[in-house]
Amino acid sequence: MQGEPFSDELTKRLARARSVVVLTGAGISAESGIATFRDAGGIWSKFRPEELANVEAFLANPDLVQGWYRERKRIASEAQPNPGHEALVTLEAEIEDFTLITQNVDNLHRRAGSRNVVELHGNIARSYCIDCNASYEEQGEQSEPDLNAAARCEDCGGLIRPDVVWFGELLPADAIEQAFQAARRASVCLSIGTSAVVYPAADVPLAARTNGAYVAEINVEPSAIAAMLNETVLGRSGKVLPCLVDAALQARQSMNQQAS
Ligand code: BJW
Ligand code: ZN
């Protein structure tokens, strides 16, 4: 395993693991051409989070916020999953109990073929009316709306918002429950491409660690919680993950051959 950016320990733990939990953030989609939130050139470098990702900002400036999401929805739908997303599909096929928890709203994990996906912050493909709750799955995708007028509900005229979780809003209760249960069961946890500054998502790897999991992050730089984890693997997830998954699955195969 010489020359790899990850330890033999991580490879062996992953090779032996029956229960794995993964948390992903915007960094895993960076190599698909989707800007992150907090990196230079990221979404937040043009707008501060509190300007756009909260309900007060939306009510004060719905056309701006809707326009921002419309643009991101277009970018996400045109993007393709990258080798990082794909490596997680390969890993899931080999692990008995595998949960992929994502903060991303871009749908790329599902499009790559991941099955047990928990979306903590919603999904940009869905929208709903803030007054009558009517669902607007295709909103903004078919026709080109007037960018100067906020999109409104056909039934009641209410404002239409993306089905995502903004600051100060509760995460979906079932997603939280599944995420933390999986974190408590896991023997290995990977935290990938997240700055780990947004809670409660950042608590997922910490909960896994508290409950005895070996926790490694994969990031181009150490995250806010790096000091509390077992290992930081520095590198781009689209490069590191395929190597790590390959190494772990090879080690698993030779372990199984020795046992039989
Ligand atoms: C690469 C790479 C490559 C680049 N390979 N890596 C405890 C303490 C303090 C505050 C709180 C707390 N608990 C709750 C709060 C309040 C708040 C919060 O966390 N605030 C902090 C910022 C201080 N949390 C909330 O409000 C949450 N709700 C909640 O807790 O409700 C209960 C409550 C209510 C009221 C008061 C208190 C409690 C909701 C949080 C919702 C977050 N929503 C957003 C927008 C979603 C919709 C959308 O997409 O527009 O979620 S904000 C944004 O940040 C988005 C992301 O999912 C999230 C995380 O960002 P992420 O994914 O980590 O991206 P980046 O850009 O930050 O990092 C990218 C990383 O990738 C970097 O590290 C790069 O280095 C790396 N990278 N290229 C690998 N190729
Ligand atoms: Zn309505």
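For residue 60, indicate whether it is among the small types (Gly, Ala, Ser) and modelled with pLDDT under 95. Judged against the criteria, residue 60 is a match.
I need the full set of residues from the range 173-199 which are assigned to a loop (DSSP other than H, G, I, E, B), within 15 Å of the chain's Cα centre (by Cα) and surrounded by 15 or more Cβ atoms within 10 Å (Cβ to Cβ), in order please.
Matches in the range 173-199: 193, 194, 195, 196, 198.
Of all residue pairs spaced 6 or more apart or on separate chains, those with beta-carbon atoms under 9 Å, a first member in the range 173-195 that is free of Cβ contacts under 8 Å to residues at least 12 places away in the same chain and a second member that is buried (at least 18 other Cβ atoms within 10 Å of the Cβ) are 174/118; 181/99. Quick check: anything in the range 202-218 aromatic (Phe, Trp, Tyr), modelled with pLDDT of 95 or more and within 12 Å of ligand 1 (Cβ to nearest atom)? The answer is no, given that none of the residues of the range 202-218 is aromatic (Phe, Trp, Tyr), modelled with pLDDT of 95 or more and within 12 Å of ligand 1 (Cβ to nearest atom).
The values are calculated or read from the model by the stated rules, or taken from the named source; none is laboratory data. In this text, all values refer to a predicted model and were calculated from it rather than measured experimentally. Glycine also receives a Cβ, built like all others from the backbone with ideal geometry; neighbour counts cover every protein chain displayed.
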